[in-house]
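Reviewing the structure listed below.
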C-alpha cells in the first residue's frame, strides 16, 4: 500500500477539496481495519498487541466513524456513519479526542460547549449575618473539596459524592448553596437521611 503521509488538516481546503478529504477518510478507515485485522489475527508472542490502549482507541474511532455492512453480493462494505440514517452514538461512549480518550463533549445551555471534564469545587462561604458578627479582618473563602467527573455526567450525580468526601474529612457543611443543576429529590432525601 502506498500512502502520502501529511499532518492532519494541513494542505486540505475544506470546501475546495471535499472529495480528497472523503477519499483520505475512507483510506484511513480501510487501513485501520486492516491493521486491526492483523493485530487480532496474532497468536503466540504477539497476541499482547491487542491489549494496547492505542488498539482500543482505534477500535472506538472506527466504530464511531464507520459501519460495515454486507452488500447484495455477500461482500463486506465499509461506509461512513450517517447521523441522520444511523442515529447518533451516546456521547459517553464516543471519543472526542484521540489524545485524551476520557475527554467528552458537553454543553450547558445553548451557548457553552467544551471538550474535557467537569470540575466541581466546594468552598467555604459565610452569609451576610455571619460576616457582621465577625470581628477583625474578613476571612477569605477556602476551597474545601475538588471533584472531577466526565463532562457527560449530570451535575446532580456529583452532589452525594461531594457530601461524602466532605463528611469523610469532617468538613460537612451546615448549609450547602448549590446552583440549580445539583439538587434532585433523591439527593435531598439522601442529605436529609445523612443529617439525622
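The values are calculated or read from the model by the stated rules, or taken from the named source; none is laboratory data. Note that the coordinates shown come from a computational prediction; the quantities given were computed from them, not determined experimentally. All Cβ positions, glycine included, derive from the backbone under ideal geometry; neighbour counts span all protein chains shown.
Find the residue count for the range 112-134, including only residues that are outside any strand (DSSP E or B) and at pLDDT 90 or above.
Residues meeting the conditions: 0.
If I ask for residues that are part of a helix (DSSP H, G or I) and modelled with pLDDT of 80 or more, which ones from the range 162-187 would you list? Those that are part of a helix (DSSP H, G or I) and modelled with pLDDT of 80 or more: 162, 163, 164, 165, 166, 167, 168, 185, 186. Here residue 137 does not qualify as over 15 Å from the mean Cα position of the chain (by Cα) and assigned to a helix (DSSP H, G or I). Would it be correct to say that residue 146 is at pLDDT 85 or above and touching a strand residue (DSSP E or B) at 6+ places or on another chain (Cβ under 9 Å)? Answer is yes for this residue.
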